[in-house]
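Novice: Below is one structure. I have some questions about it.
The values are calculated or read from the model by the stated rules, or taken from the named source; none is laboratory data. This structure is a prediction, so every number in the text was calculated from the model and none was measured. Note that each Cβ is placed from the backbone with ideal geometry, even for glycine, and that neighbours are counted across all protein chains shown.
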Amino acid sequence: MKANTTNTTNTTPQEWLRSAGAQGDVIDGLARFGDWATLYRECPRGDWLLAIAERLGVDHVALVRAAIACARIADGDEEATAVLDAAARWTEDRGAASEVAEATRALEAAASRAVDPASEAAGRAALAVGLGIDDRGVLPSAPAAAAESVMVASIDCGLELAMRWAHDKCASAVRSAVPWSTFDACIARIGSQS
């Protein structure tokens, strides 16, 4: 999706998604939501909800917190946890972006040692958080990678069930970190720009 320039106050979510350049699967997957509040409450995927929040202009720190919460759903290794912990300190003004960058570089160096696809995906979720400190557009990939990690780790237990569970948990994590009032205020602000 590209940056929003459409008045969202008088626009349905589907109209806004189309004008923002959302992918067809996102538009189709969210077609049943006729209003913003329902989409926010019931969006089944954290990656979609976080991408929408990012495009609406939600505060960067709130986006990072949401991405951290999603990435923690995956069972990452020591380096991934270090990135998430450093990013969490950054969101609380207790750590520097340089600390997150250093942890992210260590995770990138360790990525070749991932022992299985689930660990590799968990590492990608943490990398999205680390890189998202400087580039907020990367953050929506954290929920998708976290869901992939859980899905791959649970493949023998029922792939579709695991994927739905992980996406639901990520959507809940985004809603927890980005309350409706913040989302709604961004929608109103964008609407007033038209």
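Novice: Going through the stretch 25-46 one residue at a time, which ones are over 20 Å from E148 (Cβ atoms) and part of a helix (DSSP H, G or I)?
Specialist: Listed by number, the residues that qualify are I27, D28, W36, A37, T38, L39, Y40, R41, E42.
Novice: Those residues that are in a loop (DSSP other than H, G, I, E, B) and either crowded, with 16+ Cβ neighbours inside 10 Å or touching a helix residue (DSSP H, G or I) at 6+ places or on another chain (Cβ under 7 Å) (or both), I need them from the stretch 154-188; list them, please.
Specialist: S154, V178
Novice: Test of understanding: among E79, E15, which residue is over 15 Å from P143 (Cβ atoms) and without any contact (Cβ under 8 Å) to a residue 24 or more places away in the chain?
Specialist: Of the residues listed, the single one that is over 15 Å from P143 (Cβ atoms) and without any contact (Cβ under 8 Å) to a residue 24 or more places away in the chain is E15.
Novice: Follow-up. Which one of these is surrounded by fewer than 17 Cβ atoms within 10 Å (Cβ to Cβ) and under 18 Å from the mean Cα position of the chain (by Cα): G191, G137?
Specialist: None of the other options fit; the residue is G137.
Novice: While we're looking at this one, here's another question. Looking only at residues in the stretch 29-44 that are among the hydrophobic types (A, V, I, L, M, F, W, C) and out of contact with any Cys (no Cβ under 9 Å at 6 or more places or on another chain), which one is nearest to L161 (Cα to Cα)?
Specialist: Ranking the qualifying residues of the stretch 29-44, first place goes to C43.
Novice: Restricting to the stretch 148-188, give me the number of residues that are closer than 24 Å to A20 by Cα, under 16 Å from the mean Cα position of the chain (by Cα) and touching a residue at least 12 places away in the same chain (Cβ under 8 Å).
Specialist: Residues meeting the conditions: 13.
Novice: Could you tell me which of the residues A103, A80, A51, A71 is at pLDDT 95 or above, surrounded by 15 or more Cβ atoms within 10 Å (Cβ to Cβ), under 14 Å from the mean Cα position of the chain (by Cα) and within 12 Å of L127 (Cα to Cα)?
Specialist: A71 is the lone residue from the list that is at pLDDT 95 or above, surrounded by 15 or more Cβ atoms within 10 Å (Cβ to Cβ), under 14 Å from the mean Cα position of the chain (by Cα) and within 12 Å of L127 (Cα to Cα).
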